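Taking it in order: structure first as structure tokens, then the write-up.
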Amino acid sequence: MLDAKDIELLKATFPFWDKLSDDEANLLLSGTKPVLYKQGGHIHSPANECVGVLLVKSGELRTYILSKGGKEITLFRLSKGEVCVLSASCLISSITFDVFIDAQQDMQVLHIDSAVFSQLQAGNLHVENFALKVAANRFSDVVWAMEQILFMSFDVRLAVFLLEETSKNGTDNLMLTHEQIAKYIGSAREVVSRMLKYFANEGIVRLHRGSVEIVDKHALKKLVQSKANERRNNQEASPS
């Protein structure tokens, strides 16, 4: 059952709330329930493609694709206050690929029934616009993930990841294992460990059990920028 904080979170997260009729608002509330997921729990897979829309209250979820060989490629992660619509892919006909969603930590979500959200989306243009906007943002994340894998060298990918994590978490001490980092950036643990060891030897990071401490952000930014300049120069030098 929803409590007052849950309802306030819905109102604060969904910009279409004030555009709902009383019946639509009541329908949304009746179709929403709090759900707990344990760390490592499977939230969504191609086998249950219409789980529903998820609003993260706490914790973090990871969306990824899985190759035939079992390799995981992380597309994006969502945390408190963010909405996942790919867990209700039946709502958006343009979603044509299979994704998996797991709980990265113990987490709480508000689960909105797919049939309820579909009904609201069909009858209210503001709800539909919101769903499409969120989906577009998530696909932008997917394109960014693919761009890194296809066009960035591994040292740059790792540097970008470490910088993004420090900005996201507000700390230079990242509580991440090498295995977790490998999953997040779509690589092998051994490759991650070798590059982190190189960064450590260069004085860029310090490695601790279960964590990575960033000690020289400037070096990471310089690496990213130098490789970006190199790529741009190569493109300009290539014949048209």
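The values are calculated or read from the model by the stated rules, or taken from the named source; none is laboratory data. All values derive from a computational prediction rather than experimental measurement. Ideal geometry is used to build each Cβ from the backbone, glycine not excepted, and the neighbour counts take in all protein chains shown. Please note that ligands, DNA and RNA were not included when accessible areas were found on the heavy atoms of the full protein model with its side chains. Shrake-Rupley method; radii C 1.70, N 1.55, O 1.52, S 1.80 Å.
Selection over the range 67-81 of residues that are under 12 Å from the mean Cα position of the chain (by Cα) and closer than 15 Å to Val142 by Cα gives a count of 6.
Picking from residues in the range 189-227 that are without any contact (Cβ under 8 Å) to a residue 12 or more places away in the chain and of a type in the set (Gly, Ala, Ser), the one that is least open to solvent (accessible area, probe 1.4 Å) is Ala200. Scoring Ala182 on the criteria (1) over 30 Å from Leu27 (Cβ atoms); (2) open to solvent by 60 Å² or more (accessible area, probe 1.4 Å) leaves a single failure, condition (2).
Conditions (1) among the small types (Gly, Ala, Ser); (2) over 30 Å from Ile149 (Cα atoms); (3) in a helix (DSSP H, G or I), marked per residue:
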| position | (1), (2), (3) |
| --- | --- |
| Lys5 | no, yes, yes |
| Glu24 | no, yes, yes |
| Leu27 | no, yes, yes |
| Val35 | no, yes, no |
| Gly69 | yes, no, no |
| Ile73 | no, no, no |
| Arg77 | no, no, no |
| Gly81 | yes, no, no |
| Leu86 | no, no, no |
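Right, Asp102: open to solvent by 50 Å² or more (accessible area, probe 1.4 Å) and either closer than 24 Å to Tyr198 by Cβ or not polar (S, T, N, Q) (or both) or not?
No, not satisfied.
Considering only residues of the range 142-176 that are open to solvent by 50 Å² or more (accessible area, probe 1.4 Å) and among the charged types (D, E, K, R), which is nearest to Ile204 (Cα to Cα)? Here the answer is Asp172. Collect the residues in the range 14-42 that are within 21 Å of the chain's Cα centre (by Cα) and crowded, with 17+ Cβ neighbours inside 10 Å, keeping them in residue-number order. Those that are within 21 Å of the chain's Cα centre (by Cα) and crowded, with 17+ Cβ neighbours inside 10 Å: Phe14, Tyr37. For the range 107-158, a residue qualifies if it is within 21 Å of Val35 (Cβ to Cβ) and outside any helix (DSSP H, G or I), and the qualifying residues are Met107, Gln108, Val109, Leu110, His111, Ile112, Asp113. Entry remark, the range 25-58: residues being farther than 15 Å from Val116 by Cα and among the basic types (Lys, Arg) number 2 in total.
Just give me the residues in the range 15-34 being among the charged types (D, E, K, R) and over 21 Å from Asn129 (Cβ atoms), in sequence order. Of everything in the range 15-34, just one residue is among the charged types (D, E, K, R) and over 21 Å from Asn129 (Cβ atoms), namely Lys33. Among all residue pairs at least 6 apart or on different chains, which show Cβ distances below 9 Å where the first residue, located in the range 171-186, is under 11 Å from Thr74 (Cα atoms) and touching a residue at least 60 places away in the same chain (Cβ under 8 Å) and the second is crowded, with 17+ Cβ neighbours inside 10 Å and of a type in the set (Gly, Ala, Ser)? Cβ pairs passing all conditions: Ile185/Ala145; Gly186/Ala145.
Residue-by-condition table, conditions (1) open to solvent by 80 Å² or more (accessible area, probe 1.4 Å); (2) modelled with pLDDT of 95 or more; (3) closer than 13 Å to Asp102 by Cα; (4) in contact with a His (Cβ under 8 Å, 6 or more places away or on another chain):
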residue: Leu2; (1), (2), (3), (4): no, no, no, no
residue: His44; (1), (2), (3), (4): no, no, yes, no
residue: Cys50; (1), (2), (3), (4): no, no, no, no
residue: Leu54; (1), (2), (3), (4): no, no, yes, yes
residue: Glu60; (1), (2), (3), (4): no, no, yes, no
residue: Ser67; (1), (2), (3), (4): no, no, no, no
residue: Lys71; (1), (2), (3), (4): yes, no, no, no
